[in-house]
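Report on the following structure.
The values are calculated or read from the model by the stated rules, or taken from the named source; none is laboratory data. Everything numeric here is computed off the predicted structure, so don't read it as measured data. All Cβ positions, glycine included, derive from the backbone under ideal geometry; neighbour counts span all protein chains shown. Areas reflect the complete protein model, heavy atoms only, side chains present, ligands, DNA and RNA absent. Shrake-Rupley method; radii C 1.70, N 1.55, O 1.52, S 1.80 Å.
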Amino acid sequence: MTDAVRKLQELIDTNDNIVFFGGAGVSTESGIPDFRSQDGLYNQKYDYPPETILSHSFFMSKTEEFYRFYQDKMLCDTAKPNAAHLKLAELERAGKLKAVITQNIDNLHQMAGSKIVYELHGSVHRNNCMRCGKFYNFSYIKEAKGVPKCSCGGVIKPDVVLYEEGLDDDVIRGSVRAISEAQVLIIGGTSLAVYPAAGLIDYYRGNHLVVINKAPTPRDRYADLLINEPIGQVFSQISCAGGAQ
């Protein structure tokens, strides 16, 4: 255990109002690619860049092309929670962690057992008909041929926040409240490059800011503790009961 991880353990041992703010790097160890890394999401078999395809206007005007990309690249049905997801859920059960705020849409925190999760960008596991509002699950969208349609004939839209769309007001309020009341804020697996989500960090007024990310972030210079290691590797060394495992 490094000195940095030991300091993180001490913060967890001595505080019981911890909030975690995470991004794509939390899920890469589960096999879900980072949207901004040089990987399959930038495969040139598509006629448009991902940021264009995953926009509201593109969804509305080129729905079939949207779903061809979305089903191929955004719906991963083999991913399982990793050490970070599992440890965060354990910290919540131990009364240490008060909330997870995630930019991810993969539902892995809930699969790991976390109960209080604010999904800033929605979830691939929720889908609704744009005409009648009927709910459809992940499997229905994953297995659909062409544009997924409702039994009423309407187009089904994923409950994910596309470019050009705003974040959910209730999710924002819950996230702001959790961050502003936290004693310890752990930022993990995120470049903090996506706004307005990254701007929520400005509401933090606590005593200990922790940043765990392999690459530099704009908040590194404000961190009381900076760990440039894979987040799953870090959390696998943490104990909820105090002391190293």
List every residue pair whose Cβ atoms sit under 7 Å apart, with the two residues 6 or more apart in sequence or on different chains, where the first one lies in segment 172-200 and is free of Cβ contacts under 8 Å to residues at least 24 places away in the same chain and the second, anywhere, is in a loop (DSSP other than H, G, I, E, B) and buried (at least 16 other Cβ atoms within 10 Å of the Cβ).
ALA198/LEU192
Between ARG221, ARG205, which is touching a residue at least 24 places away in the same chain (Cβ under 8 Å), open to solvent by 20 Å² or more (accessible area, probe 1.4 Å) and more than 20 Å from HIS109 (Cβ to Cβ)?
ARG205
Applying the selection to segment 90-105, what residues are more than 20 Å from ARG177 (Cα to Cα) and open to solvent by less than 50 Å² (accessible area, probe 1.4 Å)?
ILE105
Suppose we filter TYR118, TYR136, TYR70 for residues that are crowded, with 16+ Cβ neighbours inside 10 Å, of a type outside the set (Lys, Arg) and closer than 17 Å to ILE186 by Cβ; which single one remains?
TYR118
State which residue pairs qualify: first residue more than 17 Å from SER236 (Cα to Cα) and at pLDDT 95 or above and inside segment 9-30, second residue open to solvent by 30 Å² or more (accessible area, probe 1.4 Å) and part of a helix (DSSP H, G or I) in any location, beta carbons under 7 Å apart, and separation of 6 or more residues or different chains.
ASN17/GLU181
Looking for something part of a helix (DSSP H, G or I), at pLDDT 85 or above, out of contact with any strand residue (DSSP E or B) (no Cβ under 7 Å at 6 or more places or on another chain) and not small (Gly, Ala, Ser) - is there at least one such residue anywhere in segment 92-99?
yes
Of (1) closer than 30 Å to ARG68 by Cβ; (2) in contact with a Gly (Cβ under 9 Å, 6 or more places away or on another chain), GLU90 fails just (1)
Within segment 146-183, considering residues that are assigned to a helix (DSSP H, G or I) and open to solvent by 60 Å² or more (accessible area, probe 1.4 Å), the one farthest from MET130 (Cα to Cα)
GLU181
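A quick yes/no check of all residues on (1) over 16 Å from the mean Cα position of the chain (by Cα); (2) more than 24 Å from LEU200 (Cβ to Cβ):
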residue: ALA79; (1), (2): no, yes
residue: ALA89; (1), (2): no, no
residue: THR102; (1), (2): no, no
residue: ASP106; (1), (2): no, no
residue: LEU120; (1), (2): no, no
residue: ASN128; (1), (2): yes, yes
residue: CYS132; (1), (2): yes, yes
Flagged in segment 123-145 as aromatic (Phe, Trp, Tyr) and part of a strand (DSSP E or B), in numbering order, are PHE135, TYR136
Being under 17 Å from GLU92 (Cα atoms) and over 16 Å from the mean Cα position of the chain (by Cα), is that true of even one residue in segment 184-198?
yes
For segment 71-90, indicate whether the set of residues that are in contact with a His (Cβ under 6 Å, 6 or more places away or on another chain) and either closer than 24 Å to VAL171 by Cα or at pLDDT below 95 (or both) is non-empty.
yes
